[in-house]
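Since the structure comes first, as structure tokens, the remarks are kept for the end.
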Amino acid sequence: MTHTVREKQKLLARVRRIRGQVEAIERALDGEAGCEQVMHLIAGARGAMAGLMAEVVEDHVRTHLVNAEKYPNALNAEAAEQLLDVVRTYLK
């Protein structure tokens with residue numbers, strides 16, 4: 001079973017929150033909100049999307065690249081952690 005299926009409910013909950021944030025942007029634009037408010041809403045939605053991507057990438061690396069149970073000598077786990085740290089930082 002793939003990690004996106006295993007974590008389906010958690011991921012869907014995040015997607016639903018992102019949908020709510022995007023709908024808030026639409027409402028703000030429709031209601032002619034100020035640009036500062038719209039920019040804050042956009043930044044929040046972007047951060048949420050980046051967080052979702054970081055979570056899926058991290059699970060992918062841990063499940064498919066450095067699964068110590070399946071492939072104990074497949075890859076350098078420390079290097080994978082360093083890569084994940086960089087990805088998390090980049091996606092913030």
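Find the residue count for region 67-92, including only residues that are in contact with a Leu (Cβ under 8 Å, 6 or more places away or on another chain) and either assigned to a helix (DSSP H, G or I) or within 17 Å of Glu7 (Cβ to Cβ) (or both).
The number of residues fulfilling the criteria is 1.
Determine whether region 39-62 contains at least one residue that is more than 19 Å from the chain's Cα centre (by Cα) and either assigned to a helix (DSSP H, G or I) or exposed (fewer than 14 other Cβ atoms within 10 Å of the Cβ) (or both).
Yes: one or more hits.
The rows are residues; the columns are (1) small (Gly, Ala, Ser); (2) open to solvent by 70 Å² or more (accessible area, probe 1.4 Å).
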| site | (1), (2) |
| --- | --- |
| Val15 | no, no |
| Gly34 | yes, no |
| Leu65 | no, yes |
| Ala77 | yes, no |
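The values are calculated or read from the model by the stated rules, or taken from the named source; none is laboratory data. A quick note: this is a predicted structure, and the numbers were derived from the prediction, not measured. Reconstructed Cβ throughout: ideal geometry from the backbone, glycine too, with neighbour counts over all protein chains shown. Calculation scope for accessible area: heavy atoms of the full protein, side chains included, ligands and nucleic acids excluded. Shrake-Rupley method; radii C 1.70, N 1.55, O 1.52, S 1.80 Å.
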